[in-house]
Every structure is written in C-alpha cells, then in structure tokens.
Amino acid sequence: MDAVEAMKESIGVSVYEQLEIRFILYIGFGIAVIICNLICLLVFNSSRDFRRKFMLYSFVSFAELINGVSFLSAGLGRMQLLTGGGYNQPITSSDCIFTFPWPTLLLISGTLPACANLSLSLERLFAVRYASTYRGWSNSHKLILIIASVAVCLILYGLAVMSSLLWPSVSPTRICAVMNSAGPYFGTVHYFLICKAYVIGFLMVVYVYRFAGSHKKLTSSERRTQRTSLVLLGLCVILVAIPNYVLILDNWKIPKFPELLVGIAYCLYACQSMSTLTVFLLFRPEFRERLLGFLCPFRKEGRIESSDHVRTVLHSTIERQTRPALAIHTTQIIAKHHQNDPNRRPSAHHRHNETY
C-alpha cells in the first residue's frame, strides 16, 4: 500500500480529498496574490513622484506579498506531507514553529498587513483632520509608521513563540496552522486583534471621509484618494473578518466546519490581499495609465493631472500673459500722473536743457 492510500485509509477518503482541494487552492491563490502585489510594487516604485506619493501603499503591497508567500508555502508544504504520508502524525506547537516555515509566515502575514492598513488610515486621518500638521510631513514621518508597524508585528510574533513554549499543545496532525502553532488561546487573540485593527482603520477612514466632505471642498484628486482608502479598508473588513471568525469557531468546534469549507473561507483572506490592485485600477487613473504604459511600451502615456495641478498651471499661464500688459498700463498711469502734477520738480535732463 502506497503512502497516499495509507493516508486515505487513516483520515478517510472524503477528508483526504477535501484537504487536497484545500491545499491546491492555497497554492493557486498564493501565486495570484504574489503576482498582483508585485505589479502594484512595480507601479508604485516606477518614479520618484510615485514612490513618494504611494510610500505607504507600497508597504501595504509588500505586506500582502508576504501573505501570498505564506499561502504558497502552506499549500506546498502541507500537500507534500499529505501525499508523503507524514500529515497524520502528532506534533507539538513549538515543533510546528521551529520545524516548518509556514507557521512563522502565517503569523507575520496576519499581523503585518493589518498594521500596514492601520498606518495608512492614520496617515489619512492626519492629512485631513490635522492638515496644518500634515503639511510638515515628509517621507521620514511615513517611515516612522512603517517601522512602528514592523515592530508591533515582531512583538506579536515573539509573544506567539513564547506562548508555544510556555503553554505547549499537541496537534493530532501536522497542518500547523496558527492555532496549532501558537496555541488555541493566543491564536484566538491573534485573529481577534487582526479583525479589530481592520475595523478601527475602516472607522477612521469613514470619519475622515465624512469630515472632509462636510468641512472642506475636496478636489477630484483628494476625492479619489479618500474613496480608494474607503473601499480598500471596507473590503479588508469583509474579507478578513469572515475567515478569521470561521477559523476561531472551527478551532473551538462551535461548530466544527468541513475541511474544504474552512479552506474556502480562508481563501477570502487571499482575495483581500489582491484587492489593492483591483481598487487602484478602478479608482486611480494615474495608476491605471502607468500600468498600461508598462503593458504597452509603444503606447503614448496619457497625462493625468489633478485639479490642483491644473488650477496652478492655469493661474501661472494667466499671470504670465497679463504681466506685460499690466506693466505697460502701470507705466502709462505713472507717466500721466507726472505730467499732471504741478508740484513736480523738473528732472536733471530738463534743467540741463533750460540752462542753454
């Protein structure tokens, strides 16, 4: 009897087939997430202006890229265990973290995108609510948000490792998910914090959108920025909350879901990681134009300008055109005033002529 038949007999044919489909989905979605976020990173870093403008979005795409790597690693590693006969063997939580690569990637890819999106929401809040303070911001301020997000992510990962060492648990299989690697209690807190981070970020963006709409007249560029953040965080809340709550309920068996259903629900998280590309293609014409320029190198790239830039250019053009006429008109007024002024002293040239 080969390893596959032995595994089917051990866990059941139905469970084996569901796990096989689940891991194939992870591999496929992982590759798709990696490709989508590589495209975003390519466009965001295509010029100095784009790098400055989309610095935090680049960080979000990098975090989502790690999520794609975690999907791919988990799918390939678990599929190898499933087909090789080593899947249905007990393992401790600490052995999960220190033996296989995907538990670490799953822990980091859960918290890092959440922290990145929360940083993006904070930046939007400062940009609109505290505009005078935000005018003094530079790339170093955004870099501080990025460093803080990475630090929080690493601290939570360290707590997960400590939890697996101090309160070890034994899993009947080597699936080594977050709950199996960090323990059920920390795993529950992990998923709960991720959901809360996205919800808080979304509420901040909603507040910013309502505040900006009622207190100032938004330009088309500012309106696109607000809508991009609003739609992006809204999708995150929906596509992250559903799989996280399914994983929590499945771990505590209230109720226990089929393996395939858990896999499909978790793939919504991968869909969220691909949403950045979709949202930017729909709401940011400058992103769309730059991407089309990459796909069609012989195509002449259109010039997408914000209304602020157009207003500045028009003002400069009008000023440049009216300046000569205004100068001539001013000179004529001064000359006429001098001619009509009875108290005006004659110039040196006139006095010289009068002498002779």
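Taking the Cα-to-Cβ direction at K53 and at S14 and moving 7 Å from each Cα, how far apart do the two end points lie in nm? Using points 7 Å along Cα→Cβ, the separation is 5.5 nm. Label-to-label distance for T99 and Y207 is 4.6 nm, based on points extended 7 Å past Cα in the beta-carbon direction. Here the 3J(HN,Hα) profile of region 150-161, calculated from phi with Karplus coefficients 6.51, -1.76 and 1.60 at θ = phi - 60°, is 5, 5, 4, 4, 5, 5, 5, 5, x, 5, 5, 5 Hz, Gly and Pro shown as x.
The order of E289, E20, going from fewest to most other C-beta atoms within 10 Å of their C-beta, is E289, E20. The slack in the chain from Y185 to E5, taken as 0.36 nm per residue of separation less the alpha-carbon distance, amounts to 61.3 nm.
Neighbours of N117, meaning other residues whose beta-carbon lies under 15 angstrom from its beta-carbon, give a summed charge of +1 when Lys and Arg score +1 and Asp and Glu score -1. For region 117-189, the list of trypsin sites (Lys or Arg not before Pro) that fall in a loop by DSSP and count at most 16 other C-beta atoms within 10 angstrom reads R135.
In what sequence do K53, K8, K256 fall when counting other Cβ within 10 Å, fewest first?
With the fewest neighbours first, K53, K8, K256 line up as K256, K53, K8.
For region 34-46, 3J(HN,Hα) computed residue by residue from phi via the Karplus equation (6.51, -1.76, 1.60; θ = phi - 60°) reads 4, 5, 4, 7, 5, 4, 4, 5, 4, 6, 4, 10, 7 Hz, glycine and proline entered as x.
Since every read-out is calculated from the coordinates, none of them should be taken as a lab result. Because the structure is predicted, anything quoted here is derived from the model rather than measured. Heads up, the Cβs are rebuilt from the backbone with ideal geometry, glycines too, and the neighbour counts pull from every protein chain shown.
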